Amino acid sequence: MSYFFQLVVSGIVVGSIYALSAIGFVLIYKSSRVLNLAHGQIIATGAFITYSLTVTAHIPIYLSFLMSMIITFFLAMSVEKIFLRRLIGEPIISVIMVTIGLMSIIDGLIYLTPFGSENFSFPPFLPQQPIVYAGISISYTQLVGVIITFILIGLFSWFFKKSTVGISMRAVSDDQLASMSIGVSVPRVFGLAWATAGLSAAAAGSVIGNITGLNFSTLHAFGIIVFPVVILGGLDSLLGAVVAGIIMGLIQQFASGYLDGNFGLYGTAQVLPYILLLVLLLFKPHGLFGTHEIERV
Amino acid sequence: MKTYKISIWLMVSLVAVMLAMPVSSGAEVYKLGLSLAITGPTSDAGNPYAKGVEDYFRYVNDMKLLGKDTIDCTIRDDKYETAITKRNFEEYLDMGIVFYLNYSTGSTLGLKRDFEEVKMPVIPASFHAGNLEESNYIFLPIASYSAQAIGLAEYVVKNHNGKTPKVALFVHPSAFGRGPVDDVKKSVAAGLGMEIVEVVEHGKDLDNTAMLQRFKSKGVQYVISQTVQSPVAVMLNDASRLGLVAKTFGEKGKITFLGCHYTGGNDLIALAGDAAENFYWTTSYIITSEPGVGTDAQLALAKRYGRDDKAANSHNYANGVMVAQVAAEVIKRAKTRGKEVTKETLYEELLAMNGMNAFYPVTTVGPVTYSKDDHQGVDTLQLYAVDKGQFKSVGTPFIPEYTGKIK
């Protein structure tokens, strides 16, 4: 039975990190209906900033982590201001194309630094021995990753439901023109959406970097890996990202634990989440918690 | 007077023309090309590799190892994309290259026919045995991934205590990763005494708990990896957390992890930290944590051209230096024999690099030998294991036996 619960714990850990990585997508889509395809690059940037502050500037890692989120917050806000603000009101596809260009620009900038083609790992800052209870183990790094994910998700949920700015962001997402007519600053909302997405991406990058080590290819791949999570959860739902992340994590672990290597099956952990996604989208095309928009003509 | 003036002008013009004429020194410039991933996936290997190639050719020119002649090797980034590699290769052909250095398994397989068509001798950074199938012009620098995996499997069989060892293969989901799987299976069928319990093709996994627990429940004692460092680092971290890593080779109830060339080196230690302890790794290259004549030369070369410690100590820097050494050596041999340096004569020199003509580059643990039937350069492998954060030699260089048996 401990095997089953070990898979549950591992599934939740992986799922939480997927959810944390997916939040950035959701935040931007929720306010601007734009899919930011450069999200993986921002995740990697956040991780590298945390590493640089910790190792080069010798700032304690907890502080580096917070500073990295703040720096990435302003970086993402600047990116929106420089590259995307002038596209407000333009077709969404144009904005998405710009995010593809942005992806190349960030790639190029990172390849100018040692982070582009070298491997690094964070200095150990948590106990190396895992927490073991009833035969189920979880490392401190994983546990901290899960805790950070849930704290951030809690904060973002509160922000969108209760704060004036969060409600403005939801309003802009629903109808830009109507929001403007009641005095909501659409450019400011877009800037904030990008900034908060940058903040969450830095957190995700630092957590992933602690688990996988800092390798640019591995880190920026998470921008694409979490895409099924975002679709499954519903593009504009924070709760959806969390639930879908954990579902994906659990499916992967159970498939790997019970199917792979048995019944002549291999690689089900990689394939099964996508099969589930396809089947689910047949019945719920907006994902589990996505907004089902009805357009009246 | 007029005639005198004309004569003076003619003389001055003649001197000016003579001064302006290039002095024919008889020096040749041999053009070579290298296309590889300096950015993009696997650039952690490609970057030091490119530096190794560049530095060695600069050294050849600076030290006048080819006399007045020089090597002009154009190095271009292909971002690990075969389409770009193909374009680079075609442009190199237009430049008139006489030797080509390639990189990835995918692009080597993809351009195999092109190499055949233009009869271009090629050394890739990919050691995939499949590169050599239906190819006359591709030469692997060292033992293939298959030979490496078989070598590791043989080491397991020879050093395992108890019943038949149970082994899992952990491979990259590509031709690069899958290459050795069939050859290891053939070795087992040919009598190599071990059981292959599972072959796992990994994804971008954040957690390998389920896989490792499954291995444990099936009694897997050894995992042989043929992939890159990052997934191995995640696996080692998880195995360490679960208390599954053997502290000594073959420790009962635990798993001993082993891997081929691109799974190991300093990059693995950088990614996995302490979890990399006791990881067994094989390659044909020397490593700087085991000082010797070759590593001294490698470090001196890197220092001469201002490389940082990370590049200087990378086994992929040695990898790049070595392929450049082979290319320079065949040019030198062709010149010594009074041949014109062309792709045809360099190909002949490669095929003649055996027996008394074997090449000892000092960056490898054995000699480079090629012939018509042998396009695998260094056949010898060395086993290394991580001890206190550094790879250290285990035993002496060896040649896997079963590579010959399954041919």
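No lab work stands behind these numbers, since they all come straight from the coordinates. This one's a predicted model, so the numbers in the text were calculated from it and none came from an experiment. In this analysis, Cβ positions are derived from the backbone assuming ideal geometry, glycine residues included, and neighbour counts consider all displayed protein chains.
Numbers below:
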| quantity | calculated |
| --- | --- |
| Debye, to nearest 20: dipole size of the protein assembly as shown, +1 on Lys, Arg Cβ, -1 on Asp, Glu Cβ | 720 debye |
| Packing-based order for A:6-18, B:166-178, using average beta carbon neighbours within 10 Å, highest first | A:6-18, B:166-178 |
| Selected from B:His172, B:Gln221, B:Ala233, residue furthest toward positive end of dipole (the stretch B:149-295; charges at beta carbon) | B:Gln221 |
| Size of charge dipole - the stretch B:240-328 - debye, nearest 20, with Cβ of Lys, Arg +1 and Asp, Glu -1, no other charges | 120 debye |
| Under 13 Å, Cβ to Cβ, from B:Leu34 - net charge with Lys/Arg +1 and Asp/Glu -1 | -3 |
| Cβ neighbours within 10 Å from other chains - mean over A:114-127 | 5 |
| Candidate lysines - alpha carbon under 27 Å from B:Lys163, same-chain residues fewer than 8 apart omitted | B:Lys185, B:Lys186, B:Lys216, B:Lys218, B:Lys247, B:Lys252, B:Lys254, B:Lys405 |
| 20 Å Cα-Cα reach of B:Lys79 towards lysines, excluding residues that sit fewer than 8 places from it in its own chain | B:Lys51, B:Lys112, B:Lys204 |
| Under 14 Å, Cβ to Cβ, from B:Ile331 - net charge with Lys/Arg +1 and Asp/Glu -1 | +1 |
| Spin-label proximity, A:Ala57 to the stretch A:25-49 - amide N less than 11 Å from point 7 Å beyond Cα toward beta carbon | A:49 |
| Gap separating the Cα centres of the stretch A:197-257 and the stretch A:1-33, nearest whole Å | 6 Å |
| Dipole moment magnitude, nearest 20 debye, the stretch A:21-237 about Cα centre, only Lys, Arg, Asp, Glu C-beta charged | 420 debye |
| Helix B:82-95 vs. chain B, principal-axis angle (Cα, 0 to 90°, nearest 10) | 30 degrees |
| Value of [θ]222 nm, deg cm²/dmol, for the protein assembly as shown, DSSP H segments ≥ 4, -39500 (n - 2.57) each, nearest 500 | -17000 deg cm²/dmol |
| Charge dipole of the protein assembly as shown about the Cα centre (unit charges at C-beta), most positive-ward option of A:Gln6, A:Gly240, B:Ser104 | A:Gly240 |
| Among A:Phe159, A:Leu126, A:Gly46 - extreme Cα towards positive end, dipole of the stretch A:21-237, charges at beta-carbon | A:Phe159 |
| Principal-axis tilt of helix B:175-189 within chain B, Cα atoms, nearest 10 degrees | 50 degrees |
| Amide H within-cut-off set for B:Phe99, under 5 Å, with H built and near neighbours excluded | B:Gly33 |
| Acute angle (nearest 10 degrees) that the helix B:43-62 long axis makes with the longest principal axis of chain B, alpha-carbon atoms | 40 degrees |
| Net charge of Cβ neighbours under 12 Å - reference A:Ile88; Lys, Arg +1; Asp, Glu -1 | +3 |
| FRET efficiency estimate (nearest 0.05) - Cβ-Cβ, A:Thr291 to B:Glu117, R0 56 angstrom | 0.50 |
| Efficiency of FRET between B:Lys31 and B:Arg87 - r from beta-carbon atoms, R0 22 angstrom, step 0.05 | 0.80 |
